[in-house]
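Undergrad: So that we are looking at the same thing, I have put the structure below in C-alpha coordinates.
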Amino acid sequence: MTAQSDDGIGRVIAIALQKGGVGKTTTTINLAAELARLDMRVLVIDIDQQAHSTSGLGITVGPDDPTAFEVLTDERNQRVPLLEAIQKTEFGVDIVPAALALRQLEKGGLGPGGQLRLAKQLDDLTGYDVIFIDCPPALGALTEAAMAAADDVLAVLEAGPDEVDALVRLGSAVADVQEGLNEALEIRYVLLADYEGNTKTAQNVRAGLLQDWGAWSAGGAYLGEIPHTVRVREAKDKRVPIAVHAPTCSAAVAYRDAAVLLAERIRA
Ligand SMILES: Nc1ncnc2c1ncn2[C@@H]1O[C@H](COP(=O)(O)OP(=O)(O)OP(=O)(O)O)[C@@H](O)[C@H]1O
Ligand SMILES: [Mg+2]
(Lines give C-alpha, C1' and ligand atoms only; values in the text may rest on other atoms or scores of the structure.)
(Ligands and ions follow the chains in the order given, each with its own letter.)
Protein backbone atom coordinates (compact mmCIF):
# COMPACT_ATOMS: atom_id res chain seq x y z
CA MET A 1 0.00 0.00 0.00
CA THR A 2 1.12 3.53 -0.63
CA ALA A 3 0.11 6.88 0.71
CA GLN A 4 -2.76 8.71 -0.90
CA SER A 5 -2.18 8.78 -4.63
CA ASP A 6 -3.97 9.55 -7.87
CA ASP A 7 -5.12 5.98 -8.30
CA GLY A 8 -6.87 6.24 -4.95
CA ILE A 9 -5.07 3.39 -3.21
CA GLY A 10 -5.32 4.50 0.38
CA ARG A 11 -3.40 4.26 3.59
CA VAL A 12 -4.50 1.24 5.62
CA ILE A 13 -4.46 1.87 9.37
CA ALA A 14 -5.14 -0.89 11.92
CA ILE A 15 -6.64 0.54 15.11
CA ALA A 16 -5.49 -1.78 17.83
CA LEU A 17 -4.70 -2.53 21.44
CA GLN A 18 -5.17 -5.92 23.06
CA LYS A 19 -6.94 -4.38 26.02
CA GLY A 20 -10.72 -4.11 25.97
CA GLY A 21 -12.77 -0.96 26.31
CA VAL A 22 -10.00 1.59 25.76
CA GLY A 23 -11.72 3.51 22.96
CA LYS A 24 -10.59 1.77 19.75
CA THR A 25 -14.05 1.64 18.26
CA THR A 26 -15.01 5.14 19.40
CA THR A 27 -11.83 6.37 17.74
CA THR A 28 -12.48 4.42 14.55
CA ILE A 29 -15.98 5.86 14.19
CA ASN A 30 -15.10 9.43 15.03
CA LEU A 31 -11.82 9.75 13.15
CA ALA A 32 -13.51 8.16 10.13
CA ALA A 33 -16.41 10.62 10.28
CA GLU A 34 -14.08 13.59 10.75
CA LEU A 35 -11.79 12.57 7.89
CA ALA A 36 -14.86 12.25 5.67
CA ARG A 37 -15.74 15.84 6.62
CA LEU A 38 -12.26 16.78 5.47
CA ASP A 39 -13.20 15.36 2.05
CA MET A 40 -11.21 12.18 2.45
CA ARG A 41 -12.70 8.97 1.12
CA VAL A 42 -12.87 6.62 4.08
CA LEU A 43 -13.58 2.92 4.47
CA VAL A 44 -13.97 1.24 7.86
CA ILE A 45 -13.46 -2.52 8.07
CA ASP A 46 -14.96 -3.90 11.27
CA ILE A 47 -13.33 -7.21 12.18
CA ASP A 48 -14.54 -7.34 15.78
CA GLN A 49 -17.39 -9.80 16.45
CA GLN A 50 -18.94 -7.20 18.78
CA ALA A 51 -19.67 -5.14 15.63
CA HIS A 52 -19.63 -1.87 17.53
CA SER A 53 -18.16 0.16 14.67
CA THR A 54 -20.89 -1.26 12.48
CA SER A 55 -23.70 -0.36 14.88
CA GLY A 56 -22.05 2.91 15.88
CA LEU A 57 -22.14 4.07 12.27
CA GLY A 58 -25.84 3.25 12.11
CA ILE A 59 -25.62 0.00 10.13
CA THR A 60 -27.81 -3.01 10.84
CA VAL A 61 -26.55 -6.11 9.07
CA GLY A 62 -29.18 -8.12 7.22
CA PRO A 63 -29.09 -11.94 7.22
CA ASP A 64 -27.86 -12.08 3.62
CA ASP A 65 -25.38 -9.20 3.80
CA PRO A 66 -21.77 -10.25 3.28
CA THR A 67 -19.49 -9.07 6.07
CA ALA A 68 -15.84 -9.12 7.11
CA PHE A 69 -16.35 -12.83 7.81
CA GLU A 70 -16.88 -13.53 4.10
CA VAL A 71 -13.89 -11.36 3.25
CA LEU A 72 -11.62 -13.23 5.66
CA THR A 73 -12.77 -16.69 4.63
CA ASP A 74 -12.99 -16.31 0.85
CA GLU A 75 -10.28 -18.44 -0.71
CA ARG A 76 -10.37 -16.87 -4.15
CA ASN A 77 -8.09 -14.13 -2.89
CA GLN A 78 -9.72 -11.60 -5.15
CA ARG A 79 -11.35 -8.30 -4.43
CA VAL A 80 -14.84 -9.64 -5.05
CA PRO A 81 -15.94 -10.40 -1.48
CA LEU A 82 -14.54 -7.12 -0.21
CA LEU A 83 -16.35 -5.08 -2.84
CA GLU A 84 -19.56 -7.00 -2.25
CA ALA A 85 -19.41 -6.38 1.49
CA ILE A 86 -19.02 -2.59 1.38
CA GLN A 87 -22.03 -0.60 2.60
CA LYS A 88 -22.60 3.15 2.71
CA THR A 89 -23.31 4.84 6.03
CA GLU A 90 -25.16 8.13 6.54
CA PHE A 91 -21.94 9.83 7.58
CA GLY A 92 -19.92 9.89 4.37
CA VAL A 93 -18.00 6.79 5.43
CA ASP A 94 -18.21 3.33 3.84
CA ILE A 95 -18.03 0.19 5.93
CA VAL A 96 -17.42 -3.53 5.69
CA PRO A 97 -19.60 -4.62 8.60
CA ALA A 98 -18.74 -7.23 11.21
CA ALA A 99 -20.70 -10.35 12.11
CA LEU A 100 -20.82 -12.60 15.16
CA ALA A 101 -19.39 -15.40 12.99
CA LEU A 102 -15.98 -13.70 13.27
CA ARG A 103 -15.83 -15.35 16.68
CA GLN A 104 -15.09 -18.69 14.96
CA LEU A 105 -12.06 -17.20 13.26
CA GLU A 106 -10.68 -15.69 16.43
CA LYS A 107 -10.90 -19.12 18.04
CA GLY A 108 -10.07 -21.44 15.16
CA GLY A 109 -7.70 -19.27 13.14
CA LEU A 110 -7.85 -18.40 9.47
CA GLY A 111 -6.33 -21.55 7.99
CA PRO A 112 -3.43 -21.80 5.55
CA GLY A 113 -2.81 -18.53 3.76
CA GLY A 114 -5.62 -16.91 5.68
CA GLN A 115 -3.40 -14.40 7.40
CA LEU A 116 -2.75 -12.65 4.10
CA ARG A 117 -6.25 -12.87 2.65
CA LEU A 118 -7.35 -9.40 3.76
CA ALA A 119 -4.00 -7.95 2.65
CA LYS A 120 -4.42 -9.44 -0.81
CA GLN A 121 -7.96 -8.17 -1.15
CA LEU A 122 -6.95 -4.68 -0.06
CA ASP A 123 -3.89 -4.64 -2.24
CA ASP A 124 -5.55 -3.23 -5.31
CA LEU A 125 -8.65 -1.68 -3.79
CA THR A 126 -8.97 1.82 -5.20
CA GLY A 127 -11.21 4.75 -4.39
CA TYR A 128 -10.27 5.31 -0.75
CA ASP A 129 -7.78 7.64 0.88
CA VAL A 130 -7.91 5.98 4.28
CA ILE A 131 -8.97 2.50 5.34
CA PHE A 132 -9.38 1.89 9.07
CA ILE A 133 -9.50 -1.65 10.44
CA ASP A 134 -11.17 -1.73 13.87
CA CYS A 135 -9.51 -4.65 15.67
CA PRO A 136 -10.82 -6.80 18.52
CA PRO A 137 -9.18 -6.50 21.96
CA ALA A 138 -6.76 -9.40 21.41
CA LEU A 139 -3.56 -10.14 19.57
CA GLY A 140 -5.14 -13.18 17.88
CA ALA A 141 -5.67 -14.29 14.31
CA LEU A 142 -7.89 -11.35 13.38
CA THR A 143 -5.61 -8.60 14.63
CA GLU A 144 -2.73 -10.39 12.95
CA ALA A 145 -4.61 -10.41 9.64
CA ALA A 146 -5.29 -6.69 10.07
CA MET A 147 -1.63 -6.01 10.80
CA ALA A 148 -0.59 -8.05 7.77
CA ALA A 149 -2.80 -5.80 5.64
CA ALA A 150 -1.97 -2.45 7.23
CA ASP A 151 0.56 0.26 6.50
CA ASP A 152 0.36 1.69 10.00
CA VAL A 153 -0.95 0.85 13.44
CA LEU A 154 -2.81 3.45 15.47
CA ALA A 155 -2.57 2.43 19.12
CA VAL A 156 -5.48 3.68 21.21
CA LEU A 157 -4.92 3.91 24.95
CA GLU A 158 -6.39 5.07 28.19
CA ALA A 159 -3.92 6.87 30.41
CA GLY A 160 -3.01 4.07 32.82
CA PRO A 161 -0.03 1.80 33.48
CA ASP A 162 -1.82 -1.30 32.13
CA GLU A 163 -2.36 0.43 28.80
CA VAL A 164 1.28 1.47 28.64
CA ASP A 165 2.21 -2.20 29.19
CA ALA A 166 -0.24 -3.14 26.46
CA LEU A 167 1.44 -0.65 24.13
CA VAL A 168 4.79 -2.33 24.75
CA ARG A 169 3.27 -5.73 23.98
CA LEU A 170 1.66 -4.32 20.86
CA GLY A 171 5.14 -3.21 19.81
CA SER A 172 6.39 -6.80 20.17
CA ALA A 173 3.47 -8.11 18.14
CA VAL A 174 4.25 -5.59 15.41
CA ALA A 175 7.88 -6.74 15.43
CA ASP A 176 6.69 -10.34 14.91
CA VAL A 177 4.50 -9.27 12.01
CA GLN A 178 7.40 -7.35 10.47
CA GLU A 179 9.45 -10.53 10.40
CA GLY A 180 7.06 -12.79 8.60
CA LEU A 181 4.14 -10.94 7.09
CA ASN A 182 4.61 -7.22 6.66
CA GLU A 183 8.07 -5.72 6.85
CA ALA A 184 7.01 -2.08 6.62
CA LEU A 185 4.45 -2.13 9.46
CA GLU A 186 5.01 0.31 12.33
CA ILE A 187 3.02 1.77 15.18
CA ARG A 188 2.94 5.25 13.69
CA TYR A 189 0.14 6.87 15.66
CA VAL A 190 -0.90 6.95 19.28
CA LEU A 191 -4.03 8.51 20.76
CA LEU A 192 -5.30 8.77 24.33
CA ALA A 193 -9.03 8.12 24.26
CA ASP A 194 -11.29 8.76 27.25
CA TYR A 195 -8.73 10.97 28.99
CA GLU A 196 -9.31 12.08 32.55
CA GLY A 197 -6.38 14.30 33.33
CA ASN A 198 -7.08 14.81 37.03
CA THR A 199 -4.68 12.16 38.33
CA LYS A 200 -0.90 12.30 38.49
CA THR A 201 -0.74 8.88 36.79
CA ALA A 202 -2.75 10.04 33.80
CA GLN A 203 -0.66 13.20 33.51
CA ASN A 204 2.55 11.14 33.63
CA VAL A 205 1.32 8.74 30.96
CA ARG A 206 0.41 11.67 28.73
CA ALA A 207 3.78 13.32 29.29
CA GLY A 208 5.58 10.06 28.47
CA LEU A 209 3.62 9.60 25.25
CA LEU A 210 4.29 13.19 24.25
CA GLN A 211 7.97 12.64 24.81
CA ASP A 212 8.11 9.39 22.84
CA TRP A 213 5.59 10.17 20.14
CA GLY A 214 5.25 13.94 19.98
CA ALA A 215 8.17 14.39 17.61
CA TRP A 216 6.72 14.09 14.14
CA SER A 217 10.17 13.93 12.64
CA ALA A 218 10.58 10.44 14.08
CA GLY A 219 7.84 9.28 11.75
CA GLY A 220 5.32 8.82 14.52
CA ALA A 221 2.62 11.05 15.75
CA TYR A 222 0.80 11.57 19.00
CA LEU A 223 -2.69 12.48 17.88
CA GLY A 224 -3.71 14.01 21.19
CA GLU A 225 -6.09 13.15 23.99
CA ILE A 226 -9.86 12.90 23.88
CA PRO A 227 -11.43 14.23 27.09
CA HIS A 228 -13.83 11.97 28.96
CA THR A 229 -17.37 13.23 28.50
CA VAL A 230 -20.78 11.64 28.80
CA ARG A 231 -21.55 12.98 25.31
CA VAL A 232 -19.42 10.18 23.81
CA ARG A 233 -21.56 7.51 25.42
CA GLU A 234 -24.73 9.33 24.34
CA ALA A 235 -23.49 9.41 20.74
CA LYS A 236 -22.72 5.69 20.88
CA ASP A 237 -26.24 4.97 22.15
CA LYS A 238 -27.72 7.09 19.34
CA ARG A 239 -25.44 5.28 16.86
CA VAL A 240 -24.02 8.46 15.42
CA PRO A 241 -20.57 10.08 15.48
CA ILE A 242 -19.98 12.60 18.27
CA ALA A 243 -19.82 15.40 15.67
CA VAL A 244 -23.46 14.70 14.82
CA HIS A 245 -24.69 14.36 18.40
CA ALA A 246 -22.72 17.14 20.12
CA PRO A 247 -20.49 18.95 17.62
CA THR A 248 -19.16 21.53 20.07
CA CYS A 249 -18.37 19.24 23.01
CA SER A 250 -14.75 18.76 24.06
CA ALA A 251 -14.47 15.24 22.64
CA ALA A 252 -15.87 16.30 19.26
CA VAL A 253 -13.34 19.13 19.07
CA ALA A 254 -10.50 16.80 20.10
CA TYR A 255 -11.44 14.18 17.47
CA ARG A 256 -11.61 16.96 14.87
CA ASP A 257 -8.11 18.14 15.82
CA ALA A 258 -6.78 14.57 15.76
CA ALA A 259 -8.30 14.04 12.31
CA VAL A 260 -6.65 17.21 11.00
CA LEU A 261 -3.27 15.97 12.28
CA LEU A 262 -3.80 12.55 10.76
CA ALA A 263 -4.95 13.96 7.43
CA GLU A 264 -1.85 16.19 7.27
CA ARG A 265 0.32 13.20 7.98
CA ILE A 266 -1.38 11.01 5.39
CA ARG A 267 -1.24 13.71 2.73
CA ALA A 268 2.44 14.54 3.44
N1 LIG B 1 -13.85 10.18 25.54
C2 LIG B 1 -14.76 9.36 26.08
N3 LIG B 1 -15.62 9.80 27.03
C4 LIG B 1 -16.52 8.98 27.59
N5 LIG B 1 -16.69 7.69 27.27
C6 LIG B 1 -15.87 7.16 26.33
C7 LIG B 1 -14.87 7.96 25.69
N8 LIG B 1 -14.22 7.18 24.79
C9 LIG B 1 -14.79 5.94 24.87
N10 LIG B 1 -15.78 5.93 25.80
C11 LIG B 1 -16.66 4.82 26.17
O12 LIG B 1 -15.86 3.74 26.61
C13 LIG B 1 -16.46 2.51 26.23
C14 LIG B 1 -15.46 1.67 25.47
O15 LIG B 1 -15.14 2.33 24.26
P16 LIG B 1 -14.91 1.53 22.91
O17 LIG B 1 -16.01 0.58 22.63
O18 LIG B 1 -14.56 2.52 21.87
O19 LIG B 1 -13.59 0.70 23.31
P20 LIG B 1 -12.89 -0.49 22.51
O21 LIG B 1 -11.44 -0.36 22.81
O22 LIG B 1 -13.30 -0.50 21.11
O23 LIG B 1 -13.51 -1.74 23.24
P24 LIG B 1 -13.33 -3.29 22.78
O25 LIG B 1 -11.93 -3.62 23.15
O26 LIG B 1 -14.36 -4.02 23.58
O27 LIG B 1 -13.55 -3.33 21.31
C28 LIG B 1 -17.68 2.86 25.39
O29 LIG B 1 -18.84 2.78 26.18
C30 LIG B 1 -17.43 4.29 24.97
O31 LIG B 1 -18.63 5.01 24.77
MG1 LIG C 1 -14.04 -2.04 19.93
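The values are calculated or read from the model by the stated rules, or taken from the named source; none is laboratory data. What you see is a predicted model; the values in this text were computed from it and never measured. Counting neighbours? That spans all protein chains shown, and the Cβs are built from the backbone with ideal geometry, glycine included. Side chains are part of the model used for accessible areas, which takes the heavy atoms of the whole protein and leaves out ligands, DNA and RNA. Shrake-Rupley method; radii C 1.70, N 1.55, O 1.52, S 1.80 Å.
Undergrad: Treating only the Cα positions of segment 1-152 as identical point scatterers, give the base-10 log of I(q)/I(0) from the Debye formula at each q in 0.15, 0.16, 0.21 Å⁻¹.
TA: So the normalised log intensities are -0.68, -0.78, -1.45.
Undergrad: Let me check against my output: what whole-number percent is the relative contact order of the chain, with C-alpha pairs under 8 Å and at least 6 apart?
TA: Taking the mean separation of contacting Cα pairs over the length of the chain, I get 25 percent.
Undergrad: Which angle from 0 to 90°, rounded to the nearest 10, does the C-alpha axis of helix 24-37 make with the longest principal axis of the chain?
TA: With rounding to tens, the tilt is 90 degrees.
Undergrad: Quickly work out the Val253-to-Thr73 label distance, labels modelled 7 Å from Cα along the C-beta direction, and quote it in nm with one decimal.
TA: Calculated label separation equals 4.7 nm.
Undergrad: Roughly to the nearest percent, how much of the accessible area of the chain is carbon and sulfur, given a 1.4 Å probe?
TA: Answer for the chain is 48 percent, counting heavy atoms of protein chains only.
Undergrad: Can you tell me the relative contact order of segment 39-104? Whole percent, Cα pairs under 8 Å, sequence separation 6 or more.
TA: Relative CO of segment 39-104 lands at 51 percent.
Undergrad: Sticking with this one: For helix 250-267, report the angle its Cα long axis makes with the longest principal axis of the Cα atoms of the chain; keep it between 0 and 90° and round to the nearest 10°.
TA: For 250-267 against the chain, the angle is about 60 degrees.
Undergrad: What accessible area per residue comes out for the chain, rounded to a whole number of Å², with a 1.4 Å probe?
TA: Using a 1.4 Å probe on heavy atoms only, each residue of the chain averages 43 Å².
Undergrad: Now, a different point. Taking a virtual spin label 7 Å from the Cα of Val230 along the C-beta vector, which residues in segment 175-198 bring their backbone nitrogen under 19 Å of it?
TA: Backbone N within reach: 194-198.
Undergrad: Under a crude label model (7 Å from the Cα following the beta-carbon direction), how far is Glu179 from Thr60 in nanometres?
TA: Once both label points are built, they end up 4.7 nm from each other.
Undergrad: State the volume of the convex hull built on the alpha-carbon positions of segment 140-262, expressed per residue in Å³ and rounded to an integer.
TA: Cα convex hull per residue, to the nearest whole number: 121 Å³.
Undergrad: Let's test this: bin the Cα-Cα distances of the chain at 10 Å from zero up to the farthest pair and state each bin's percent.
TA: Computed distribution, short to long bins: 7, 33, 39, 18, 2, 0.
Undergrad: Continuing with the same structure: Using a Förster distance of 35 angstrom, determine the FRET efficiency expected from the C-beta separation of Ser172 and Gln104, and round it to 0.05.
TA: 0.85
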